[in-house]
Amino acid sequence: MTEALDRLRSNYEVVVIEGAGSPAEINLAKDEIVNMRVARYCRAPVLLVGDIDRGRLRLVAGTLWLLKPADLRTVKALVINKFRGDRHCLNQD
């Protein structure tokens, strides 16, 4: 995986890396290669995306609380998917 990624990065100015699932899956962290491990390897800024229809902002907040401090420092932006401009969607139940 690192060889393929290095090849892409040497040929392109920007490579978008998309993770799968949560970057804070504690039980998977040791073996995962689809989230923070790749971001760490590339020293890439992380955009954390949360779907407002699936758990609202609790999942985003929980993810931030569970990240290791070094990984938390790589998070540069939070993106709220499916916001639809209704500020009431941001309220917690």
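Values for this structure:
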| quantity | calculated |
| --- | --- |
| Subset tally (residues that are open to solvent by 90 Å² or more (accessible area, probe 1.4 Å), out of contact with any helix residue (DSSP H, G or I) (no Cβ under 9 Å at 6 or more places or on another chain) and outside any helix (DSSP H, G or I)) for the stretch 1-21 | 5 |
| In the stretch 72-81, the residues that are in contact with a strand residue (DSSP E or B) (Cβ under 7 Å, 6 or more places away or on another chain) and surrounded by 14 or more Cβ atoms within 10 Å (Cβ to Cβ) | 74, 75, 78, 80 |
| Residue selected from the stretch 6-45 under the condition of a type outside the set (Phe, Trp, Tyr) and over 18 Å from the mean Cα position of the chain (by Cα), by the criterion farthest from residue 69 (Cα to Cα) | 11 |
| Scope the stretch 58-71; condition touching a helix residue (DSSP H, G or I) at 6+ places or on another chain (Cβ under 7 Å) and either farther than 27 Å from residue 3 by Cα or surrounded by fewer than 17 Cβ atoms within 10 Å (Cβ to Cβ) (or both); matching residues | 64 |
| Filter result (open to solvent by less than 100 Å² (accessible area, probe 1.4 Å), at pLDDT 80 or above and not hydrophobic (A, V, I, L, M, F, W, C)) within the stretch 33-57 | 35, 37, 41, 45, 50 |
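The values are calculated or read from the model by the stated rules, or taken from the named source; none is laboratory data. Every value quoted in this text rests on a predicted model; they were computed, and no experiment measured them. FYI the Cβ positions are ideal-geometry reconstructions off the backbone, even for glycines, and counts take in every protein chain you see. Accessible surface is based on the protein model in full, side chains and every heavy atom, while ligands, DNA and RNA are left aside. Shrake-Rupley method; radii C 1.70, N 1.55, O 1.52, S 1.80 Å.
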